[in-house]
Amino acid sequence: MSRHYNFCAGPATLPTPVLERAQVELPDWHGKGLSVMEMSHRSPEFVSIAEHAEATLRKLLNIGDDYAVLFVQGGASTQFASVPLNLAEEGASADYINTGIWSKKAIAEGKRYLKVRVAATAEDNGFTAVPDTAAWDLDANAAYLHCTPNETIGGLEFEALPDTGDVPVVADMSSTILSRPLDVTRYGLIYAGAQKNIGPAGLTLVIIRKDLLGRARALTPSMLNYQVAADNQSMYNTPPTFAWYLSGLVFDWIDQQGGLEAMGELNSRKAGKLYAAIDGSDFYNNPIHPDYRSLMNVPFTLADDALNNAFLEGAEQRGLLNLKGHRSVGGMRASIYNAMPEAGVDALIEYMREFEKEKA
Ligand SMILES: *Cc1c(COP(=O)(O)O)cnc(C)c1O
């Protein structure tokens with residue numbers, strides 16, 4: 001078996017030990033004579049898998065009993081509609097922070113269901129820095145404040161939040177959740193598509209403060225209603241059982257690595273090295289203000305775009321996969337989620353140095 005280093009933004013690389021464990025357990029899970037994929041989601045076996053995954057996640061993120069954890073479907077993109085349908089009455093208004101492409105998508109979808117106020121935008125600086133929270137134009141009557149703490153495409157990340165009083169903060173953490181310690185109590189609702197830092201595609205995580213349940217608009221589809229999901233242990237219909245199981249294995253793996261403190265240290269080291277290599281060269285460039293650089297998604301350009309294809313081909317020959325930047329921004333992007341080993345980042349940096357020497 002030869003595993004290459006996969007820098008894909010999503011679906012992203014998974015920890016090799018998780019895949020190996022899934023492989024061993026695949027045809028016959030724990031001596032039950034069938035695979036997880038073939039189990040009833042209501043069987044005691046699958047219920048134990050589901051409960052274990054939730055318990056481990058709660059431990060990792062230190063999630064209190066005042067929060068519900070929901071395992072839903074439809075990707076983070078469905079949450080762009082679920083959030084307003086569940087948290088805002090018809091005619092209500094919500095504040096959104098615009099930090100890039102995913103914020104914009106959330107804003108566009110939100111506008112279909114409520115009045116959107118853009119309380120702060122990074123558009124003026126080309127999405128290279130996040131406006132200081134003191135300058136956010138917040139509405140004390142907003143149904144919620146929506147933000148995207150890590151912009152997966154632009155590589156812009158921020159942590160600071162203003163005091164929003166009674167206005168719940170909603171965060172799309174698709175590409176940053178579990179990358180470092182997180183104070184869940186600052187948020188009313190956190191959502192994340194699984195395929196970046198959690199597990200395989202097909203599963204979406206929602207962590208919601210329980211007092212925000214039960215507010216959905218009357219016409220909210222049952223499948224999008226958080227209260228319905230909570231009342232049914234996320235099994236109102238058939239959940240994506242295999243993705244849920246595999247995510248549980250990833251949570252176990254993170255726990256074994258030392259939890260989010262250990263992940264945070266590793267991720268800071270990985271990102272620190274890569275940004276240092278970019279900054280230390282005139283050939284590579286990352287435009288993001290150093291205070292707002294993403295730990296997980298590192299976009300960079302080469303001095304000459306005409307070299308992009310040669311760079312990508314050479315990378316692939318060395319087993320460095322999926323470094324092409326998002327089609328909307330071009331250039332390169334290295335996504336270095338939890339499951340990307342430090343050796344993968346080292347190999348990328350070494351290749352970048354050699355390519356520069358050869359071409360610059
Ligand atoms: C990937 C991503 C999404 C979209 O996720 P889907 O699960 O494909 O809908 C939304 N927001 C952010 C920040 C992302 O990284």
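Every number here is computed from the coordinates shown, using simple stated rules; none is lab data. All values derive from a computational prediction rather than experimental measurement. In this analysis, Cβ positions are derived from the backbone assuming ideal geometry, glycine residues included, and neighbour counts consider all displayed protein chains.
Tabulated results
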quantity: Estimated 222 nm signal from helices in the chain, with DSSP H stretches of n ≥ 4 weighted -39500 (n - 2.57), rounded to 500; calculated: -11000 deg cm²/dmol
quantity: Whole-number Å³ per residue for the convex hull built on Cα positions in region 32-169; calculated: 154
quantity: Tensor-based shape of region 306-360 (alpha-carbon gyration tensor, a/c under 1.5 rounded, otherwise prolate or oblate); calculated: oblate
quantity: Alpha carbon convex hull of region 96-162, projected area averaged over orientations, nm²; calculated: 4.3
quantity: Ascending count of other beta-carbon atoms within 10 Å, so fewest first, for Glu38, Glu356; calculated: Glu38, Glu356
quantity: Relative counts (whole %) of C-alpha pair distances in region 91-239, using bins that are 5 Å wide; calculated: 2, 9, 18, 22, 22, 16, 9, 3, 1
quantity: FRET efficiency for Glu316 and Asp282, using Cβ-Cβ distance with R0 set to 25 Å, rounded to 0.05; calculated: 0.50
quantity: Of Lys111/Lys210; Lys59/Lys111; Lys210/Lys273, those spanning more than 31 Å from alpha-carbon to alpha-carbon; calculated: Lys59/Lys111; Lys210/Lys273
quantity: Ranked Tyr337, Tyr236, criterion: other C-beta atoms within 10 Å, fewest first; calculated: Tyr236, Tyr337
quantity: Within the chain, percent of DSSP bridges classed antiparallel, to nearest 5; calculated: 55
quantity: DSSP H segments from the chain that extend 20 Å or more along their own axis, Cα-based, with Kyte-Doolittle mean of -1.0 or above; calculated: 44-61, 241-257, 259-279, 342-359
quantity: Cα gyration tensor category, rounded, prolate or oblate, for region 166-280 with a/c compared to 1.5; calculated: prolate
quantity: Amide H contacts under 5 Å for Leu321, placed H, 5+ residues apart; calculated: Tyr5, Asn6, Phe7
quantity: Mean separation of Cα contacts under 8 Å (6+ apart) over length of the chain, as relative contact order %; calculated: 23
quantity: Fewest-first ranking of Met223, Met37, Met352, using other Cβ atoms within 10 Å as the exposure measure; calculated: Met37, Met223, Met352
quantity: Cβ-Cβ FRET estimate between His30 and Arg327, R0 fixed at 56 Å, reported to 0.05; calculated: 0.85
quantity: Between region 68-119 and region 308-360, the alpha-carbon center distance in angstrom; calculated: 33
quantity: Under 14 Å from Lys115, Cα to Cα: aspartates and glutamates that are on another chain or at least 8 residues apart; calculated: Glu89, Glu90, Asp95, Asp139
quantity: Computed over region 216-273, Cα set: Rg, Dmax in Å; calculated: 17.5, 51
quantity: D_trans [Stokes-Einstein, Kirkwood Rh over alpha-carbon pairs] for the chain, 4 °C, 1.567 mPa s, µm² s⁻¹; calculated: 61
